[in-house]
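Heads up, the thing below is written out as structure tokens.
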Amino acid sequence: MAFYKLTYNEKYRFATLHNYGCTFKCPICSYKLYSGAEGIPGKVFPAPARFLSVDEMKAALESVDIDKVNFMGGEPSIAKELPEMLEFVKNKLSVRTFLGHTNGSGIPIKNLDGANVGLKAWDEKVHLEYTGRNKKGIFENFARALESGMELKANVVYIPGLVDLDQVEAIAEWISKLGRNIPFHIMGYIPVPGQPYDRPTEKQMKMAESICRKHLENVGSSHLCSEDAKRLSKKDDRFQVKIIAGEL
């Protein structure tokens, strides 16, 4: 796929390139909540009217003062322009490069400084049911990326009845063997219409954090409802951005 939008946060001096498309087919994907695709099987995000050219992206990035460029999705590692844009940002603009979120299917990547990796499930059967992809390569990629020197963060969506506490803890324990200081974030599942899973309770979220802190030093969590998720810019000024290229 390709990038269709470029946004800029002046206060925090970062830009974000948004990719369309993903390698996973998650029925509980939170993008459904933002895109109006709730309850539509296989539908996550409407295709953009057009994609940005490399020249458009480079010109827009050169027009703003930035310290960092995030690449997001869907799954940003599948964008065919990503290697060229990473090389441009890292070596021409001399700023940090980061996958703002990724499922880990495409890391490590040359000229990429870091990534926030969503590890979906520990149980192989659950991972396949959840994503349509096997777990083994994803976890191996995480370990290889860390060995390559990339700055990694990890996260998991806690989904009672699918990705339960035992799986959340198993992921945290596995990460701890690579490094106890790797940041780990637990996101409470935001129910997607048409799916059978409930949002975790506050008590469940606290339990998840407590369990993971047995293994990792840097554990955090978020517990948004669907309405909060749709208006993140009202709660966090990092989401207060303007579009500098692409769809308005």
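Just so you know, all these numbers are worked out from the coordinates, no wet-lab data involved. Being a predicted model, the structure only gives us computed values, none of them experimental. Cβ placement follows ideal geometry from the backbone for every residue including glycine, while neighbour counts extend to all protein chains displayed.
Cα centroid separation, the range 149-187 to the range 77-127: 18 Å. Across Thr16, Thr97, Thr201, mean-square fluctuation computed from a Gaussian network of the chain (C-alpha pairs under 10 Å connected) peaks at Thr201. From helices alone, the chain scores -8000 deg cm²/dmol at 222 nm; the rule is -39500 (n - 2.57) for each run of n ≥ 4 DSSP H residues, then divide by the residue total.
Listed cross-link partners Lys25/Lys110; Lys5/Lys68; Lys11/Lys80; Lys11/Lys230 are compared with a 18 Å cut-off, the Cα-Cα value being larger for Lys25/Lys110; Lys11/Lys80; Lys11/Lys230. Show the residues, 5+ positions off or on another chain, whose built amide H is closer than 5 Å to the amide H of Glu151. So Glu151 has HN proximity to Gly114, Ala115. The peptide list 156-162, 221-227, 181-187, 129-135, put in order of mean Cβ contacts within 10 Å with the highest first, becomes 156-162, 181-187, 129-135, 221-227.
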